[in-house]
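The values are calculated or read from the model by the stated rules, or taken from the named source; none is laboratory data. Quick caveat, the model's predicted, so the values are computed rather than measured. FYI the Cβ positions are ideal-geometry reconstructions off the backbone, even for glycines, and counts take in every protein chain you see.
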Amino acid sequence: MSPYLAFHSTSELYGKMKELENLWEKFVLTNSPPEKLRYLIYESWKRCQEYEVDPKKKQSAISLNNDQLLEIMNHSRLFEAAVQIMDDLSKQIRGTGYLATLCDSEGRIIYLDGDQKVLKEAELMNFLIGADWSEKAIGTNAIGTSLATGHPVQIFSAEHYCQGCHPWICSSAPIKDPLTGRILGVVDLTGLSFEAQPHTLGIATMTANFIQKRYKEISYSTLQYLHHYFTQVVKRKNGEAIILFDLSFNIINGTEKALKLLNIQHWQQIGSIPGIKQLQNFLLNQVHICKESYLDQLKLHVHVEEINIQLERIGFLVYLQPQQSKDIVSSPGFCYDSSHQKWSEIIGQSEKFQSTIRKCQLVAPTSASVLITGESGTGKERIARTLHQTSLRHNSPFLAINCGSIPKELMASELFGYEPGTFTGGNSRGKRGKFEEANGGTLFLDEIGEMPLDLQVHLLRVLQEKEIVRLGSSHPIPVDVRIIAATHQNIPKLIQEGKFRTDLYYRLNVVELHIPPLRERDHDIILLTEHFLKRFSTKYNKTILSIDTDVISFFKTCQWPGNIRELENTIEHAVLFCLTNKITLSDLPRSLLEKERAPLLLQSSPNNEEKSMIIRYIEEANGNLSEVARRLNIARTTLYRKMDKYGISKH
Ligand SMILES: Nc1ncnc2c1ncn2[C@@H]1O[C@H](COP(=O)(O)OP(=O)(O)OP(=O)(O)O)[C@@H](O)[C@H]1O
């Protein structure tokens, strides 16, 4: 028996195939140890027997569904490090009759490229993306055997344990985490046996080395960040049972309390806990829709917080609790997602709005500062509240402060508080500011564009240092507050005008969420109308069953400068004044009808009527064309165009 990892000659390939076929048959039929078989192959065959793999098997099984594959492609660091290198490798081997694959640490194919003709043939044995090529799934093969041994290996023809793979030769090299030595996955090159080349294994090994190097570069900085993040959290949540996972579900760190709960002495022992796989599966499959679960094998309730850098997920914090809280149903693996429900209460299906909501859901669990932009009444505060309610801070306060409505002189003391005796007439015991009151929670700074410049400097300091100093004191107080700011103004323009600090803008605008105005959310107008109709019918105890189609058409043409708030008020008014069970145009507030009437009339008027209406308006406004355009609710340029068309002069 020879210990070689690869074939060293391409001569006599057919003879070698025949010889191996005989050895395989003898082993499968009589179980006798085959002479002349490479030792590592014999070891692997024995493992396959233990796993009770069927030697007559023709195909492997697909074990990753599309969602799981997408999850891996979007979030696996191995995939991130490897994809460019694998693309290059695929280009290099084009036309050589080979396929290039990347597999994860369980032998599942997550990248596959190469000759189309060969691909078609390989499909017969399910050599496909998502398929499981571990030894347990499909016997001795380069992917599975290199994972099992931790070495590069070439498997030729009937060295494969399963008959379906006998026409093939495959060469694989493991990719190891340079920091921990753990196997992350495998690079593989597969072709038909009569195309066998010993140097294919060299190419696979070199490719694996490149990927390892790239992986190291990426993971080192991420790891540092994860450790730093963990230390910060543990400082705040002293005494809690917390485990830190990286994106590949490896445990990076954990608290003493977590060790105790899991009943182990060192983190190296974690792999021996049966329930840990259940937790890792939960992280892989559920976590994007559900943050809480009761894991029956661990007998623990877990709460998961994702760790992100600029919306990119890099790890997880898992909080363990020995008993599930009362409001969680105790069936095993039960998963509830109040956050999902909270977001579904926000009405709006238009694509623009939904894309904002998707961004919200990603950013909610993080502590990143958020700047919400959008016209008045579009729902900025509503979104800010939901961001808070669906964050880990939801048990701590959400405080809103409108920077536009507080007198400038009072704003500093409102935000930062003051010591006793600072102001004549102030509270003799001093006062906590909003930052202290919101500690652990979220502070919503509405109309941030109205904040005076001198206060902007203080706010920036608080965001940077994470501590405040009360007025009249020099003693800093640490605060942990997430800031969500909102504005209807154009902040870059304010910066140009010298009214807003650039550095504060960048601090606040880690994530910008823009809420589109109602007039750009055509279908949402109907959804919101129905929603408010239900709400106010219940509130005023009325049985209003429907709304006239004229009203809906009218709503769709309205400009809604006050957005959702204006629509909400309109429906409330209509419900109050409606005397039948159907809302019609006559139930709407007159102010709205008048404001929107002019352009509507213009749209529906025959030319003559439109012409005389414009003349009448010009006369009434004494030739003030800006006033005419405003009253007709059309742009001035449109008015000029129409005057030109009808030959109307200003006089
Ligand atoms: N998507 C939505 N679904 C249901 N109701 C909504 C939605 N968005 C906003 N609202 C409701 O519309 C009203 C206005 O929302 P909100 O106060 O959040 O707007 P805003 O943008 O903060 O306004 P402003 O700029 O004037 O401060 C509130 O009553 C809110 O509950």
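What do you reckon, is Val28 part of a loop (DSSP other than H, G, I, E, B) and of a type in the set (A, V, I, L, M, F, W, C)? Even if it seems obvious, please write down each step before you answer.
Details: part of a loop (DSSP other than H, G, I, E, B): no; of a type in the set (A, V, I, L, M, F, W, C): yes.
Here the answer is no, as Val28 does not meet what is asked.
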Q: Would you check if there is a residue in the stretch 489-497 being closer than 27 Å to Leu362 by Cα, within 16 Å of the ligand (Cβ to nearest atom) and in a loop (DSSP other than H, G, I, E, B)?
A: yes
Q) Among the residues of the stretch 571-593, is any closer than 26 Å to Glu345 by Cα, within 12 Å of the ligand (Cβ to nearest atom) and not assigned by TED's automatic domain parsing to the domain that holds Gln361? A) yes
Q. Which of the residues belonging to the stretch 128-146 are surrounded by 23 or more Cβ atoms within 10 Å (Cβ to Cβ) and over 25 Å from Asn22 (Cα atoms)?
A. Ala131
**Q.** Within the stretch 533-570, considering residues that are among the polar types (S, T, N, Q) and in contact (Cβ under 8 Å) with a residue 40 or more places away in the chain, the one surrounded by the most Cβ atoms within 10 Å (Cβ to Cβ)
**A.** Asn563
Q.
As an exercise: evaluate Phe210 against (1) surrounded by fewer than 20 Cβ atoms within 10 Å (Cβ to Cβ); (2) within 23 Å of Leu102 (Cα to Cα); (3) modelled with pLDDT under 85; (4) of a type in the set (A, V, I, L, M, F, W, C) and give the number of the one condition it does not meet.
A. (3)
Q. For the stretch 505-558, how many residues meet the condition of being in a loop (DSSP other than H, G, I, E, B) and within 16 Å of the ligand (Cβ to nearest atom)?
A. 5
Q. Which condition does Tyr42 not pass, out of (1) outside any strand (DSSP E or B); (2) aromatic (Phe, Trp, Tyr); (3) buried (at least 21 other Cβ atoms within 10 Å of the Cβ), if it passes all the others?
A. (3)
Q: Could you list all residues from the stretch 620-651 that are in contact (Cβ under 8 Å) with a residue 12 or more places away in the chain, under 20 Å from Glu594 (Cβ atoms) and not in a helix (DSSP H, G or I)?
A: Asn633, Ile634
Q: Output the number of residues of the stretch 355-389 satisfying the condition of being out of contact with any Phe, Trp or Tyr (no Cβ under 7 Å at 6 or more places or on another chain), more than 9 Å from the ligand (Cβ to nearest atom) and polar (S, T, N, Q).
A: 7
(Q) Being at pLDDT below 85 and outside the structural domain of Ile211 (by TED's automatic domain parsing) is the requirement here; does Met73 meet it? (A) no
Q: Could you check how many residues of the stretch 106-127 are surrounded by fewer than 21 Cβ atoms within 10 Å (Cβ to Cβ) and part of a loop (DSSP other than H, G, I, E, B)?
A: 4
Q) Across the stretch 392-419, what is the total count of residues that are at pLDDT 85 or above, away from the ligand (no atom under 16 Å from the Cβ) and either assigned to a loop (DSSP other than H, G, I, E, B) or of a type in the set (Ser, Thr, Tyr) (or both)? A) 5
Q) If a residue has to be hydroxyl-bearing (Ser, Thr, Tyr), part of a helix (DSSP H, G or I) and in contact (Cβ under 8 Å) with a residue 24 or more places away in the chain to count, how many in the stretch 355-384 make the cut? A) 1
Q: For the stretch 373-392, name all the residues that are among the charged types (D, E, K, R) and either farther than 16 Å from Trp343 by Cα or not assigned by TED's automatic domain parsing to the domain that holds Phe353 (or both).
A: Glu375
Q) Considering Leu471, Leu508, Leu518, which residue is crowded, with 20+ Cβ neighbours inside 10 Å and within 19 Å of Lys434 (Cβ to Cβ)? A) Leu508
Q | Residues satisfying the stated conditions in the stretch 194-237, i.e. under 31 Å from the mean Cα position of the chain (by Cα) and of a type in the set (A, V, I, L, M) | A | Ala208, Ile211, Ile218, Leu223, Leu226, Val233, Val234
